[in-house]
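What follows is one structure encoded as C-alpha cells, with my remarks underneath.
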Amino acid sequence: MKIKAFFVSIIILMLLFVIAFLGTNLFLKAYVEHRNEVKVPNLIGKNFEVARKEAQNLKLFVQQVEFQNSSEVPKGRILSQNPAPDKMTKISRTIEVSVSNGPELVRVPYLDNITANEALVRLKNANLVMGKKESRYSDIVEAGKIIYSDPAADELVAKGSVINIVESLGKLPDSSGDRDRWRNLLEGARAN
C-alpha cells in the first residue's frame, strides 16, 4: 500500500511539474511576445517623412508602395496604410503606405484666336473648365475670337481647373470726325 501511495504521489508530482512547466512557458511566451509588439500608429494624412520618423520611434519601418493622384490630399501626404492603424504588430515590421502625388496635372490647350465655343470644347477635352470671360478691344484679333487665356497655353494646371479667357471686341471704334476736330484744336494751341 505504501508503494501504491508512493507511485500515486510521484505521478501527481510529475503532473504538477508538467502543468507548472507548460504554464510558465505559456506565460513567458505571452509576456515576451507582448513586449515585442507595438500598436500601429495612424499615419494617414501625415507627411511621408514625418510618418517615417514616427514609425521609426516605435521600431517600425515605412515603405512607399504606391503613388496616387489626389485633388483632396496634398502631395507627399499618406493616403492609406497596411497594416491598419491601432492594430498590434511585431517590432521591425514594415508599414506599406500609398502616398499622394497631388492633383493630376494637364496642359492648358492653345485657345488664342478661336471662338469661345471652340475653346469650351478644347477645355472639356482637356478636363478643364471655362471660367470668367472678359472682353477687350484688339487691333490684331478679330471680334468674337479669344485674345489670350489665363493661365496661358501650355501651362500645367490641376485637372478640373478654371481657365479664364479674354475675348476680342475687334478694333477700337473710330470716331474720325471728333478726332479731326480735337487734332485741329491741339495743333492750333501749339501754334500759339
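No lab work stands behind these numbers, since they all come straight from the coordinates. Please read all numbers here as calculations on a predicted model, not as lab measurements. With ideal geometry, Cβ positions are generated from the backbone for all residues, glycine too; neighbour counts draw on all protein chains shown.
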Completion exercise
Here the relative contact order (percent) of region 105-168, from C-alpha pairs under 8 Å and at least 6 apart, is 47
Problem - Neighbour-count ranking [beta-carbon atoms within 10 angstrom, fewest first] of Leu16, Leu79, Leu128 - result: Leu16, Leu79, Leu128
Problem - Computed P(r) (all Cα pairs; region 105-168; 5 Å bins; percent) - result: 4, 22, 34, 23, 12, 5, 1
Fill in the blank from the handout: So, relative contact order of the chain in percent, Cα under 8 Å, 6 or more apart, is 16
Completion exercise
Listing Met14, Met130 by rising number of other beta-carbon atoms within 10 angstrom, fewest first, gives Met14, Met130
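Return the percentage of antiparallel bridges among DSSP beta bridges fully within region 34-102, rounded to the nearest 5 %.
55
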Handout entry: Estimated [θ] at 222 nm from DSSP helical runs (n ≥ 4, -39500 (n - 2.57)) normalised by residues in the chain, nearest 500
Key = -12500 deg cm²/dmol
Fill in the blank from the handout: If the chain between Asp139 and Val8 were fully extended at 0.36 nm per residue, the gain over the current Cα-Cα distance would be 35.5 nm
Fill in the blank from the handout: Each label sits 7 Å from Cα toward the beta-carbon; between Ile19 and Gln64 the label points are separated, in nm, by 5.8
Practice task
Figure the gain on full extension for Asn101 and Val157 (residue separation times 0.36 nm, minus the Cα-Cα span) and round it to one decimal in nm.
Solution key: 18.8 nm
Problem - Overall form of region 34-102 per C-alpha gyration tensor (a/c, 1.5; a/b vs b/c) - result: prolate
Exercise for the section: Determine the percent antiparallel among the DSSP beta bridges restricted to region 105-168, to the nearest 5. Expected result: 55
Practice task
For the chain, give the share of DSSP beta bridges that are antiparallel, in percent and rounded to the nearest 5; count only bridges with both residues there.
Solution key: 55
Fill in the blank from the handout: Taking the reciprocal of mean 1/r across every pair of different Cα atoms in the chain, the Kirkwood radius in Å is 24.3
Handout entry: Kyte-Doolittle mean at least -1.0, axial Cα span of 30 Å or more - DSSP H helices of the chain
Key = 2-35
Problem - Positive minus negative residues near Ala152 (Lys, Arg vs Asp, Glu; Cβ under 13 Å) - result: -3
